[in-house]
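Everything below concerns the one structure shown next.
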Amino acid sequence: MTAPVQTPQPFPTRIFSGIQPSGGLTLGNYLGALKRFVEKQDEGIETIYCLVDMHAITVWQDPVKLRQQTREAAAAFLAAGIDPARSILFNQSQVTAHVELGWIFNCVARMGWMGRMTQWKDKAGKNAEAASLGLFAYPALMAADILAYKATHVPVGEDQKQHLELTRDIAIKFNNDYGVTFFPLTEPVIEGAATRVMSLRDGSKKMSKSDPSDQSRINLTDDADTIAAKIRKARTDPDPLPDSLAGLKDRPEARNLVNIYAALAGHTPEQVVADFAGAQFGTFKPALADLAVAKLAPITAEMNRLMQDPAEIDRILGEGAARAEAIARPILDQVYDIVGMIRSRRG
Ligand code: AMP
Ligand code: TRP
């Protein structure tokens, strides 16, 4: 179902992506990111996945919860099908190349570029003066995450498109400023039926782990009854489902549920409306709830099992970090050389 990844550049295909361990993962993270991370791994491409704990602390994180959420996110990756023998899975702070390259990119990127980022504007809100400096510089660290591995493709949800354009701008400026062809122009990979899963309470807002209403999202830790209840109570309109996608044009909540069904079932949204044409939500919602439970319950159960052994999760993250470091360190050494830093320390 997914388009083959192509690299129109002299850089070997390598996939990198990251998720912030700043709360429990949602169905949006699963469909927009995790499920697709597994598909890329299973296509046999080199895949590097990172729990970006340094990004998470750009807004306040309770230390005890941060550690717990990082392990839980790792468990979600493993439960969803990430195989640490085939993919590299680690947490960002264990590989210091990210922040080192992030600093260099802070000096490449311009204030104006950062100020235009919609995620910055949304998260800083009206009180930008009180936001952390790290939140403003966040996209430069994200570019460093990707380019420390010279990654060519980054699977993400729709909301990360602007950050990936900025990653390309940083690569272009670095290459131009230093007269090198060092960094690739990384491509976003935004595909599938659920690149933007919306809130169950408001079809104009994305489903988010930071939404104050727990009813707005499905968490990967929700049990079957909770998932079914949240879908039953999801906001919809009174009309039955149409027989074509055009009929969902001004019905964002209905469209969202159709997209979720399609992504979970591995069908296109067109197929879903064809199958349910004329059905009331009283019929469609229970079908969606059954499907969601069937797909998510095994993942939740496996996450719970993995969480019984935190030391094993930490071991997997540590091993992934060592493998990540082995790729990033030689690239970073070359960057220091290009930039003109003396590197004469022994030992
Ligand atoms: P975050 O939770 O912001 O760290 O996002 C991690 C990944 O999940 C990114 O690739 C996001 O684009 C993706 N993602 C987050 N929320 C959604 C959503 N509601 N729909 C689709 N993708 C999402
Ligand atoms: N900014 C991403 C998000 O909020 C998380 C992220 C950090 C990321 N570094 C990345 C995603 C590198 C892809 C590649 O969802």
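The values are calculated or read from the model by the stated rules, or taken from the named source; none is laboratory data. Here the structure is a predicted model, which means the values were calculated and not measured. Remember, those area values only see protein heavy atoms, side chains included, never the ligands or the DNA or RNA. Shrake-Rupley method; radii C 1.70, N 1.55, O 1.52, S 1.80 Å.
What fraction of the Cα pairs in the range 1-123, stated in percent, has a spacing above 23 angstrom? Spell out each step's value before the answer.
Working: 3098 of 7503 pairs.
Above the 23 Å cut-off, the range 1-123 has 41 percent of its Cα pairs.
With protein chains left intact and a 1.4 Å probe, residues in the chain average 46 Å² of accessible area per residue. Computed extension gain for TYR336 through ASP290, at 0.36 nm per residue and net of the alpha carbon distance, reaches 11.2 nm.
Rounded to the nearest 10 degrees, the angle from helix 63-80 to the longest Cα principal axis of the chain is 70 degrees.
Working note: Cα gyration tensor of the range 265-321, eigenvalues times five, square-rooted, sorted largest first, giving semi-axes of 38, 14, 6 Å. Report, in degrees rounded to the nearest 10, the 0 to 90 angle that the Cα long axis of helix 161-178 makes with the longest principal axis of the chain. So the helix axis and the longest Cα principal axis differ by about 10 degrees.
Axis angle, to the nearest 10 degrees, between helix 252-265 and the longest C-alpha principal axis of the chain: 80 degrees. Across THR26, THR70, THR118, mean-square fluctuation computed from a Gaussian network of the chain (C-alpha pairs under 10 Å connected) peaks at THR118.
Leaving out ligands, DNA and RNA, what percent of the accessible area of the chain is carbon and sulfur, probe 1.4 Å?
On the way: 8380 of 15950 Å².
Using a 1.4 Å probe with all protein chains present, the chain comes out at 53 percent carbon and sulfur.
For the chain, take the convex hull of the Cα atoms, compute a quarter of its surface area, and give me that in nm², please.
On the way: hull surface 75.4 nm².
Orientation-averaged projected area of the Cα hull: 18.9 nm².
Rule-of-thumb check for the range 241-347: C-alpha Rg over 2.2 N^0.38 Å?
Working: Rg = 24.6 Å, N = 107, 2.2 N^0.38 = 13.0 Å.
Cα-based Rg divided by the globular estimate yields 1.90.
Bridge orientation summary for the chain: considering DSSP beta bridges with both residues in this region, about 10 percent are antiparallel.
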